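Heads up: the structure comes next, in structure tokens.
The values are calculated or read from the model by the stated rules, or taken from the named source; none is laboratory data. Just so you know, these numbers come straight off a predicted model, no measurement behind them. Cβ: placed from backbone, ideal geometry, glycine included. Neighbour counts: every protein chain shown.
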Ligand code: NAD
């Protein structure tokens with residue numbers, strides 16, 4: 001099969017197995033080129049197949065020498081359709097990690113369900129024993145509650161009043177104004193149910209009940225804050241409410257983990273192009289301006305650079321540096337005064353005519369294509385490839 005990108009709005013419905021492997025291998029190479037970290041050795045990553053979760057898994061194995069189990073929800077290839085990118089990434093990761101001598105096992109299914117939790121616990125017990133790091137990096141538009149069977153959808157909306165701002169169609173480069181209507185209370189509550197901390201704590205509870213938490217265990221989940229430009233749609237919007245809940249969960253979990261001398265942290269990460277962030281209105285335009293500024297200042301990072309920096313912060317000193325709310329701040333370069341001033345100045349002037357020059361739409365588009373295994377110069381996309389790959 002000859003596989004080309006098929007972009008529909010903010011998703012790409014195809015993925016390239018060899019390109020995804022190239023993407024994974026580049027991230028592995030980055031980690032191998034960095035100093036090894038003495039940290040976790042038995043790691044469970046929930047949401048392990050793309051974005052921040054995948055980068056965390058790569059950094060755990062290749063930077064800390066950890067054995068890993070990854071949980072994700074991905075589509076295998078079928079009837080002339082390619083698998084999803086996360087499926088190919090997982091295969092590529094497992095192959096590379098096993099070749100390097102690490103245990104690497106994966107579970108594909110709904111992490112929100114009791115069944116997948118039980119299946120994972122069984123595998124953890126069999127392959128890893130007790131875990132010393134659990135990374136929770138699930139990003140999903142919906143969640144079926146494991147007890148009631150009710151399905152909740154998350155929304156990306158402002159709260160209280162409509163929000164109008166600039167946005168870009170990243171495919172056409174057209175900058176326009178968008179108005180988003182405020183969420184209802186039910187939509188706010190549902191978004192918290194999907195993206196808040198409940199499922200993270202259910203995972204920790206299940207691991208504790210199965211006696212699979214090691215002494216000194218750490219658990220991590222990821223959050224975002226961002227600037228004033230995106231505040232109404234992000235931090236003060238529905239997703240921000242879910243992140244507040246996630247951050248509060250970290251405090252509750254830390255108390256529960258006291259008997260293991262364990263800790264739960266939320267790490268506030270940088271805005272990056274991932275399948276999840278490209279779905280948020282306004283944010284892709286902000287990201288393309290941010291990339292330009294951060295590159296000019298030599299501060300640009302992707303998921304893998306962030307994962308490396310996160311594990312350095314977590315494991316390199318005797319104390320972990322956090323803000324006053326107890327959060328690890330990997331967004332410190334994004335939020336630097338000079339960076340934000342420059343983005344703000346560009347934002348006020350941005351139009352369809354100058355977006356390519358004032359923003360880095362090219363980098364945005366390349367990052368987006370690469371999420372699906374396209375845009376790698378070492379891959380010949382004219383060649384026939386088998387979409388059905390398995391470890
Ligand atoms: P992503 O879309 O790249 O990854 C989501 C992961 O969740 C995938 O592995 C997917 O398979 C998995 N997943 C989704 N639904 C699942 C389910 N039901 N069961 C099992 N696995 C499931 O997203 P991302 O951007 O890497 O986001 C991860 C976390 O990082 C989120 O909490 C997000 O808010 C946070 N974050 C993202 C950014 C950003 O700019 N992308 C910035 C800061 C923080």
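A compact table of results
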quantity	calculated
Boolean, residue 312 is in contact (Cβ under 8 Å) with a residue 60 or more places away in the chain, outside any loop (DSSP other than H, G, I, E, B) and surrounded by fewer than 20 Cβ atoms within 10 Å (Cβ to Cβ)	yes
When residues of region 179-204 are limited to those that are out of contact with any helix residue (DSSP H, G or I) (no Cβ under 7 Å at 6 or more places or on another chain) and not in a helix (DSSP H, G or I), the one farthest from residue 303 (Cα to Cα)	184
Pick from region 250-289, criterion in a helix (DSSP H, G or I) and closer than 17 Å to residue 329 by Cα, ranking: nearest to the chain's Cα centre (by Cα)	250
Residue among 376, 368 that alone is touching a strand residue (DSSP E or B) at 6+ places or on another chain (Cβ under 9 Å) and buried (at least 17 other Cβ atoms within 10 Å of the Cβ)	368
Residue 361 being modelled with pLDDT under 95 and touching a strand residue (DSSP E or B) at 6+ places or on another chain (Cβ under 8 Å)	yes
Breaking point among (1) away from the ligand (no atom under 12 Å from the Cβ); (2) in contact with a helix residue (DSSP H, G or I) (Cβ under 7 Å, 6 or more places away or on another chain); (3) farther than 23 Å from residue 33 by Cβ, for residue 46	(1)
Subset of region 214-240 [within 18 Å of residue 183 (Cβ to Cβ), more than 12 Å from the ligand (Cβ to nearest atom) and surrounded by 19 or more Cβ atoms within 10 Å (Cβ to Cβ)]	232, 233, 237, 238
Total residues in region 338-370, condition part of a helix (DSSP H, G or I), touching a residue at least 60 places away in the same chain (Cβ under 8 Å) and under 21 Å from residue 278 (Cβ atoms)	13
Residue within region 66-73 that is assigned to a helix (DSSP H, G or I) and within 19 Å of residue 307 (Cβ to Cβ) present	no
Condition met for residue 148 (modelled with pLDDT under 95 and at negative phi)	no
The one condition in (1) without any contact (Cβ under 8 Å) to a residue 24 or more places away in the chain; (2) on the phi > 0 side of the Ramachandran plot that residue 173 fails to fulfil	(1)
Positions within region 372-391 being under 23 Å from the mean Cα position of the chain (by Cα) and more than 18 Å from residue 91 (Cβ to Cβ), in sequence order	375
Single unsatisfied condition, residue 207 versus (1) under 22 Å from residue 346 (Cβ atoms); (2) away from the ligand (no atom under 14 Å from the Cβ); (3) assigned to a helix (DSSP H, G or I)	(1)
Set 90, 170, 120: member being at pLDDT below 95 and closer than 30 Å to residue 19 by Cα	170
Hits in region 156-166 (condition: assigned to a strand (DSSP E or B) and within 24 Å of the chain's Cα centre (by Cα))	none
Residues of region 73-98 satisfying the condition of being touching a strand residue (DSSP E or B) at 6+ places or on another chain (Cβ under 6 Å) and more than 13 Å from the ligand (Cβ to nearest atom)	94, 97, 98
Given (1) out of contact with any strand residue (DSSP E or B) (no Cβ under 9 Å at 6 or more places or on another chain); (2) near the ligand (Cβ under 10 Å from one of its atoms); (3) more than 21 Å from residue 368 (Cα to Cα), index of the condition residue 339 fails	(2)
Single residue of 119, 177 found to be closer than 27 Å to residue 364 by Cα and over 22 Å from the mean Cα position of the chain (by Cα)	177
Test for residue 67: is it within 16 Å of the ligand (Cβ to nearest atom), in contact with a helix residue (DSSP H, G or I) (Cβ under 8 Å, 6 or more places away or on another chain) and modelled with pLDDT of 95 or more	no
